[in-house]
1. State whether the stretch 22-119 is rounded, prolate or oblate according to the following rule on the C-alpha gyration tensor (a ≥ b ≥ c being the square roots of its eigenvalues): a/c under 1.5 gives rounded; otherwise a/b larger than b/c gives prolate, and the remaining case gives oblate.
2. Between the stretch 113-132 and the stretch 38-68, what is the C-alpha centre distance in whole Å?
3. My understanding is that a pair violates if its Cα-Cα distance is over 24 Å; which of LYS143/LYS164; LYS164/LYS206; LYS143/LYS206; LYS131/LYS164 do that in this structure?
4. How much mean residue ellipticity at 222 nm does the chain get from its helices, if each DSSP H run of length 4 or more adds -39500 (n - 2.57) and you divide by all residues, to the nearest 500 deg cm²/dmol?
5. Of (i) 1.56; (ii) 2.67; (iii) 1.12, which one was derived for Cα Rg over 2.2 N^0.38 Å from the structure shown?
6. What is the sum of charges, Lys and Arg at +1 and Asp and Glu at -1, for the other residues whose Cβ falls under 11 Å from the Cβ of LEU153?
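Only the coordinates and a few stated rules stand behind these numbers; no lab work does. The shown structure was predicted, so the numbers you read here are calculated from the model rather than taken from an experiment. Ideal geometry is used to build each Cβ from the backbone, glycine not excepted, and the neighbour counts take in all protein chains shown.
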Amino acid sequence: MSMTSRTITTDAIARCEAAPDLAIVEAVAIGEAESAGAARAIAKDRAFTLRKSVTDVSPDQVRTVDLQVQDTDEIFDPATDAPFQATERLHIECLPENAEAVVVDVTTAGGQIQSVHFHLHEDKHLELQNKAIRSAMERAREKAEQIASVEGLVLAEIQEATTKEVSTGLETIADEAFASSPDTNLHPAPITVSEGVEVVYELAEK
């Protein structure tokens, strides 16, 4: 391989953190009755009550994501003796600092909390992602420069640069930046964005 065609490949990983700026509270309203229609109507009425009870969010931040009616004979260890049970599932979006108040409003109104998820809005996630990529590129270049200097060479142009998937060791609904494990912890830790890069540099003589 000629000197002008020599290359070096390095990789690097960088991480950036930020406090979550979005909370999604998952709540359910349950209706129980002698018929499927009646159970559904009760669940919808209770869901309406939950919507009205949440005072820290606007109506368009509360949405129904699921509505199911089940024969209780098909439910393992049902909590009711009624033949039918309907469940309306709501997602309530709010600021992280308002999540606790939303939970209190829902439970006071007779609803049940399934989980509280903390996230980053898409624009904030993208900002952290870009920052992590820049940091990873800087680290990859530092590594390449150190290796090249040992051989008495310097870096020339970037021949190729690609991002790499970074394993977090966690099975979550999205990546590190966009999902937290479902729970009811109302004091979330910062969310981490991890990005990896692999960069191929051309080498030149000093």
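1. Prolate.
2. First find each Cα centre; the distance between them is then 25 Å.
3. LYS164/LYS206
4. Estimated from H runs of four or more residues: -9500 deg cm²/dmol.
5. Read-out taken from this structure: (i).
6. With Lys, Arg at +1 and Asp, Glu at -1, the neighbours total -2.
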